[in-house]
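Colleague: Here's a structure for you.
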Amino acid sequence: MRLRTSPAKLLVLVALCLVVLVELRTALAFVGVSLSIGATVAVGVAAIAALLLWAVRPAGSGE
Amino acid sequence: MPNGATFADAYPTQARHIRAAFWASFLSLGVGAFFGLIQALHRTDILRVIESQTYYTVLTAHGVFLVISFTIFFLVGVFQWAVTDSLERPPVDMRFTWGWYGLMSLGASLTAFAILAGFTDSIDVRANVLFTFYAPLQAHPLFYVGLVVFVVGTWLAGADWFRSWLAWKGDNPGERIPLPTFMVLTTMIMWYISSIGVAVAILAFILPWSLELTGSLNPTLTRTLFWYFGHPVVYFWLLPAYLLWYILLPKLAGGRLFSDPLARVVFILFVLLSTPVGIHHQYLDPGISEGFKFIAMTNTMFLLLPSLLTAFTIIASMEHGARQRGGEGYFNWLTALPWRDPAFTGMALAGMVFAFGGFTGIVNAGMNINYLVHNTLWVPGHIHTQVGTAAALTFMAGAYWLVPQLTGNRLVGRGLALVQVVLWFVGIVFMTNSMYRGGLVGIPRRTAEPQYEGFEYEVAAGSVGELNAQLAIGGTILFVSAMLFLALMVLTAFNGGTEPIDDGSIPPALSGPEDSPAVLDNLKLWVAIAAVLVVIAYSFPLASIVSRGGLFGPDIGPIPVAIDAASTVARTALEAVSAVVR
Amino acid sequence: MRIHQYERVWLLASMVLIVGFIATITYGAVGLGITMVDDRGATIAPDEINEDERFGDPRVEQVGDDEYEVYAVAMTFAFQPDPIEIPADSEVTFYVTSRDVIHSFYVVGTNTNTMVIPGEISVVTVEFDEPGEYGLICTEYCGAAHHEMEGQLAVLEDEEFDLTELEVEAPDEVEPDGEIEITATVTNGQLEAIEETVTVELGDETLEESVTVEGDESESVTLTVDAADLGEGDHDWTASAGDLTESGTVSVVEGSEDDTEGGDDA
Ligand code: HEM
Ligand SMILES: [Cu+2]
Ligand SMILES: [Cu+2]
């Protein structure tokens, strides 16, 4: 399987995703938007899944 | 250093000495991380394997092992490497070099013994005073003796590096001090100026009092002397990380340091400004006037400057490196960075966390906002983003590059090492995010059971249970990451018959020292100015504290931490009753 | 010294940021008058606390219209007084000192937060608008049971708050031919006069009297009953003023000494 990016970059991106999610949830709570744990996890799973899909989709297809 | 040779080839004896310092550091990290895990699970009431009163023995060990032993042993190793490598000469007398290492190890062992003896009743030694050892809480004298011996060891280490530099200067008259050595010398100047405070606190007041030579002391005075040292010590942890960011990171990114002159200015600013700020840890102390607190606040804000300048140089150097590697565009160059390299990625992530933590530091420094967060869990949140990541993660990442140079062995498990630094990054964000939020709703730090009977915390979003879970998950990830790091280090040490990937050479800066005025290298001048600033900032507060509370304080009996909780509670109850009756 | 163009811009921006922070905080201190703990409190040696006029008897005191002072003591591992009751919407100044080690005095979730250092008196002035029960904890490690150091701060509605105390003096035992005297004393710790209806009951006898107690004064009401009217045996009494109540028992017995013991205050 060929990735669109290197596994190392993918790992760092996934980590960044998690981190941004945790901090964003706090930031949103300050402006009065509170995400439940469930919603946060769902957003996280969706974001990471999207990232992984993007990475494994062969370059050039559908573009 | 001959081209292509590792440091271990060029300086085998020095490499052995630096490895010894690193092993002392890594051992402390392992034990400290284990205690961290116990704390994370205990205070959240998720798993309690110890009695709550033992928690404070654990916490004392966590603080001392990590911020005294782990950080300082690592940094003397890095400094020894930086001085030897950049002056291209070994220490003048290796026996002296081993001597200060021996003193530091002896001191650390004595203090560690005094703390760990607290786990058993069979030895009558206790030091459950946390790493700040505020009197009149009293530890066993060995605890203080060990700290003094350790600090004296670091002073001699500094003397060793100055000696190397003077010898080098004799052979290279009129030359600019090589940047790595310049950083080491300025950092040590700051350390000399600041550690005098803790030395006086211990030698003049706390140690004689713990040996019952003096009857009492002035708690505000010893506390103020501690914080005179307590803020600069955070820069003592951080500046070796800065050194690695300035010296190593640009090279790892594939480029060169942007500006040598600016790096020198940054380190001089730290010499001048790190000490006259310690009172910002005492914004809530009675007996210190608002004026002194205000001065500490303004100085602290100016101390942001060298860090902001560092952020610029680091990012500029990384961008330069990325473009050398073929990176393009406004942001696209980021993808051209060597993310596969754990040393690079670890430092880059540490830098990101540091920038974020810097903003939480501004909240602490804001003297009136500080009242909301002082001594809440917010503070360990800040501690772990700064020394616990900016310094610790940079050290671990740096070790992935340095240890192969020091052993001549190839790093084992490069991919796992990448996973390790990424795990630390994720773990720290989980743990500190929970700590920051917990602090804002008033959950205290340094508390075995922050669950009280009389009230509930009012968490704006989520619940205390959720905060606890997040803290425990973060702490566990961190612990796993620390263990993974240690395992890779041990395996690398035994990975004989291999060679490091990198040749160990450090490229010169884009803008070299010749672009800066020579006055930057006039160390005597900076020492003099720093001393004047310290005298201005501290003479009046100290005089006022002594005139209020006396040099040796009002007559307060010692409060040994050895008294067990039950008898103390009983005594308290008695006192309370007698107070009501009378 | 050569400084790159971008470096200059960054340097300038950094200085603006720093000066901005200092200005904001200075505005908070000077403009908004956010005061800090400082050296305005006197010093006091820990072993003189018991003799001290203020800290010997830790308490809440009214010092002006809507102005109160609290003298509190922190020690391993408790606060005195506990609970601390104060009125909402009043200016309350806490004076806190320590008997032993360094503690803190932190009202959870607020910025009422100070270190408490033996030898020093911390002074904090606050106004609570929200009535309610607040947690009061020590956030500085002070020993093995540090985590048990907890008190209560009750902020009461103005109408519910008073500093009224009721004290009763009554004998425990009386001879059958003696007299039983029960004296209820109402003390008003506030500055304004209060009206209280004091009721004292013993057996079938009831005394009800309205008293006006001036600020910082006390008034007493005494009920006298012949022991013979009650007969031998135990007799319960109650005394009340407003929502304060005291009760006890007096025994009428042959051959007793007439010793008197005061009931507790409320
Ligand atoms: C395995 C990783 C770690 C975990 C799980 C961990 C966990 C904790 C926890 C839960 C506390 C709060 C204790 C309390 O206030 O009750 C704490 C405090 C602290 N930690 Fe860590 N920590 C870790 C690593 C580190 C590192 C690497 C450093 C520094 C290099 C560090 C330095 C400190 C310091 C200075 C304190 C404050 C101690 C005190 O209040 O006396 N920790 N840690
Ligand atoms: Cu500080
Ligand atoms: Cu405490």
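Colleague: Tell me, B:LYS293, B:LYS169 in order of fewest to most beta-carbon neighbours within 10 Å?
Modeller: Ascending Cβ contact count within 10 Å gives the list B:LYS169, B:LYS293.
Colleague: Also, I was wondering about something else. So which trypsin sites (Lys or Arg not before Pro) in the range C:1-61 pass both tests, a DSSP loop state and at most 15 other Cβ atoms within 10 Å of the Cβ?
Modeller: Listed in order of number, the matching sites are C:ARG2, C:ARG40.
Colleague: So what's the angle, to the nearest 10 degrees on a 0 to 90 scale, between helix B:304-324 and the longest Cα principal axis of chain B?
Modeller: 30 degrees
Colleague: Next question. I need the phi-derived Karplus couplings for the range B:23-30: 6.51 cos²θ - 1.76 cosθ + 1.60, θ = phi - 60°, integer Hz, Gly and Pro marked x.
Modeller: 5, 4, 5, 5, 4, 4, 4, x
Colleague: Now for a separate question. Angle between the Cα long axis of helix A:7-30 and the longest principal axis of chain A, 0 to 90 degrees, nearest 10?
Modeller: 20 degrees
Colleague: In degrees, nearest 10, range 0 to 90: what is the angle between the Cα axis of helix C:5-26 and the longest Cα principal axis of chain C?
Modeller: With both axes taken from Cα atoms, the answer is about 20 degrees.
Colleague: To the nearest whole percent, what portion of all C-alpha pairs in chain C is separated by more than 28 angstrom?
Modeller: Roughly 55 percent, once rounded to a whole number.
Colleague: If you don't mind, there's one more thing I want to ask. Which aspartates and glutamates, if any, have their Cα less than 13 Å from the Cα of B:LYS293, not counting same-chain residues under 8 positions apart?
Modeller: B:LYS293 reaches B:ASP285, C:ASP38, C:ASP39.
Colleague: Just to be sure I understand the model, the point goes 7 Å from the Cα along the line to the Cβ. What's the resulting C:THR224 to C:GLU181 distance in nm?
Modeller: 0.8 nm
Colleague: When chain C is treated as a GNM, springs tying every alpha-carbon pair under 10 Å, which of C:GLY64, C:GLY255, C:GLY56 comes out with the largest mean-square fluctuation?
Modeller: Between C:GLY64, C:GLY255, C:GLY56, it is C:GLY255 that shows the largest mean-square fluctuation.
Colleague: Count charges around B:ALA322 for me, please; just the other residues with Cβ under 15 Å from its Cβ, Lys/Arg as +1, Asp/Glu as -1.
Modeller: Its environment carries a net charge of +3.
Colleague: In addition: Averaged over A:18-25, how many beta carbons belonging to a partner chain fall within 10 Å of each residue's beta carbon?
Modeller: Whole-number average of other-chain Cβ neighbours for A:18-25 is 4.
Colleague: On to the next question. Using +1 on the beta carbon of Lys and Arg, -1 on that of Asp and Glu, and nothing else charged, what's the dipole of the protein assembly as shown about the Cα centre, debye to 20?
Modeller: 13020 debye
Colleague: Can you give me the P(r) profile for chain B? Cα pairs, bins 20 angstrom wide beginning at 0, each as a whole percent.
Modeller: Taking all Cα pairs of chain B, the binned fractions are 20, 56, 22, 2, 0 percent.
Colleague: Now for a separate question. State the Kirkwood hydrodynamic radius of the range A:7-56 in Å, one decimal place, computed from all pairs of distinct Cα atoms.
Modeller: For the range A:7-56, inverting the mean 1/r across all distinct Cα pairs yields 11.5 Å.
Colleague: For the range C:43-160, I need the span (max minus min coordinate) of the C-alpha atoms along each principal axis, in Å, sorted largest to smallest.
Modeller: 39, 29, 19
Colleague: How large is the dipole of chain C about the Cα centre if only Lys and Arg carry +1 and Asp and Glu carry -1, each at its Cβ, rounded to the nearest 20 debye?
Modeller: Here the size comes out at about 3960 debye.
Colleague: OK, next. Dividing the Cα convex hull volume of the range B:143-262 by residue count, how many Å³ per residue is that?
Modeller: Here the figure is 128 Å³ per residue.
Colleague: Rounded to the nearest 5, what is the percent of antiparallel bridges among the DSSP beta bridges in the protein assembly as shown?
Modeller: Approximately 80 percent, going by the DSSP bridge assignments.
Colleague: Can you list which of the GluC sites (Glu not before Pro) found in the range B:287-387 are DSSP loop residues with at most 16 other C-beta atoms within 10 Å?
Modeller: Counting only loop positions with at most 16 other Cβ atoms within 10 Å, the GluC sites (Glu not before Pro) in the range B:287-387 are B:GLU328.
Colleague: Compute the length gained on full extension between C:ASP82 and C:ARG40: take 0.36 nm times their separation in residues and subtract their Cα-Cα distance, giving the result in nm to one decimal.
Modeller: Length gained, C:ASP82 through C:ARG40: 12.6 nm.
Colleague: Give the residues of the range C:153-173 whose amide nitrogen is closer than 16 Å to a point set 7 Å from the Cα of C:ARG59 in the direction of its Cβ.
Modeller: Within reach of a label on C:ARG59, which here means backbone N under 16 Å from a point 7 Å along Cα→Cβ, the range C:153-173 contributes C:162-168.
Colleague: I would also like to ask the following. How far apart, in nm, are the 7 Å Cα→Cβ label points at C:VAL126 and A:ARG2?
Modeller: With each label point 7 Å from Cα toward Cβ, the separation is 6.6 nm.
Colleague: Here is a further query. Can you give me the distance in nm between label points at B:GLU88 and B:THR335, each placed 7 Å from the Cα along the Cα-to-Cβ direction?
Modeller: For the pair B:GLU88/B:THR335, the computed spacing is 4.2 nm.
Colleague: Alpha carbon centre of the range C:9-27 versus the range B:456-529: separation in Å?
Modeller: 28 Å
Colleague: For the protein assembly as shown, what mean projected area does the convex hull of the alpha carbons give, in nm²?
Modeller: 44.4 nm²
Colleague: What does the average come to when, for each residue of peptide C:129-140, you count the partner chain Cβ atoms lying within 10 Å of its Cβ?
Modeller: Mean number of neighbouring Cβ atoms from other chains: 4.
Colleague: Ignore the peptide's own chain and count Cβ atoms of other chains within 10 Å of each Cβ in B:299-309; give me the average, rounded.
Modeller: Across the residues of B:299-309, the mean count of other-chain Cβ atoms within 10 Å is 4.
Colleague: In whole Hz, with x marking every Gly and Pro, tabulate ³J(HN,Hα) for the range B:53-63 from phi via Karplus 6.51 cos²θ - 1.76 cosθ + 1.60, θ = phi - 60°.
Modeller: For the range B:53-63, the Karplus curve yields 6, 6, 3, 6, 5, 4, 5, 4, 5, 4, x Hz.
Colleague: Per DSSP H run of at least 4 residues, take -39500 (n - 2.57); add these up for chain B, divide by its residues and hand me the 222 nm value, nearest 500 deg cm²/dmol.
Modeller: Per the formula, -22000 deg cm²/dmol.
Colleague: Let me ask something else. Please report B:THR181, C:THR238 as a ranked list, fewest other C-beta atoms within 10 angstrom at the top and most at the bottom.
Modeller: Sorted ascending by nearby Cβ count, the order is C:THR238, B:THR181.
Colleague: Further question on the same structure: For B:ILE362 and A:LEU51, FRET efficiency with R0 = 25 Å and r from the beta-carbon atoms, rounded to 0.05?
Modeller: 0.15
Colleague: Based only on other Cβ atoms within 10 Å, what is the fewest-to-most ordering of C:THR183, B:THR376, B:THR432?
Modeller: In increasing order of surrounding Cβ atoms, one gets C:THR183, B:THR376, B:THR432.
Colleague: Between the DSSP loop rule and a limit of at most 15 other Cβ atoms within 10 Å, which GluC sites (Glu not before Pro) in the range C:26-103 are left?
Modeller: Sites meeting the loop and neighbour criteria: C:GLU53.
Colleague: Also, quick follow-up: So, R0 is 30 Å and r is the distance between the beta-carbons of B:ASP124 and C:LEU156; what FRET efficiency does that work out to, to 0.05?
Modeller: Result of the calculation: an efficiency of 0.05.
Here, each number is a calculation from the coordinates, and none is a lab measurement. Nothing here was measured: the structure is a model prediction, and the numbers come from that model. When we count neighbours, we look across all protein chains shown, and the Cβ atoms used for this are built from the backbone with ideal geometry, even at glycine.
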